[in-house]
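Each remark here refers to the structure printed beneath this line.
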Amino acid sequence: PVQSFLKETDMSGKQVYAIVTSGGSGFSDTIQNIQQTEPGASVHEGFALHHKDMDKAEEMTQHWLNQMGFTK
């Protein structure tokens, strides 16, 4: 679904932050794959949530959003 969305949406000039859940592989090839699909976008490693931290997902996500300055 994400690849389909990116192929149908022009993200040129946009900042793209990848957010992943992981059992251990982290971002793997995610950033490179997005960069290939969206060459006009600035693609960044965003937030990775490890499967063992799922019970703290909301708290950790909010912390990351605050840390990045995406919230008021």
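No value in this document is a laboratory result; all are computed from the given coordinates. Everything quoted here is computed from the prediction, not taken from an experiment. We place every Cβ from the backbone using ideal geometry, glycine too, and count neighbours over all the protein chains shown.
Things to note:
- Here's how it looks for I19: its modeled amide H is under 5 Å from those of F47, which are all 5 or more places away or on a different chain.
- Farthest toward positive dipole pole in the chain [+1 Lys/Arg, -1 Asp/Glu at C-beta], among S4, I34, Q67: Q67
- CD proxy at 222 nm, helix term only [per DSSP H run n ≥ 4: -39500 (n - 2.57); per residue of the chain; nearest 500]: -10500 deg cm²/dmol
- According to the Kirkwood relation over distinct C-alpha pairs, the hydrodynamic radius of the chain is 13.3 Å.
- Span from the segment 40-72 Cα centroid across to the segment 1-19 one, whole angstrom: 17
- Note, ³J(HN,Hα) from phi for segment 5-18, Karplus 6.51, -1.76, 1.60, rounded to Hz, x at Gly and Pro: 4, 5, 5, 8, 10, 7, 9, 4, x, 9, 8, 10, 10, 6
- Vicinal HN-Hα couplings computed from phi for segment 51-63 (Karplus, 6.51 cos²θ - 1.76 cosθ + 1.60; Hz; Gly/Pro x): 4, 6, 9, 4, 5, 10, 4, 5, 4, 5, 5, 4, 4
- About its Cα centre, the chain has a charge dipole of approximately 100 debye under the convention of +1 per Lys or Arg Cβ and -1 per Asp or Glu Cβ, with nothing else charged.
- Fewest-first sequence of V43, V2, V20 by Cβ atoms within 10 Å of each Cβ: V2, V20, V43
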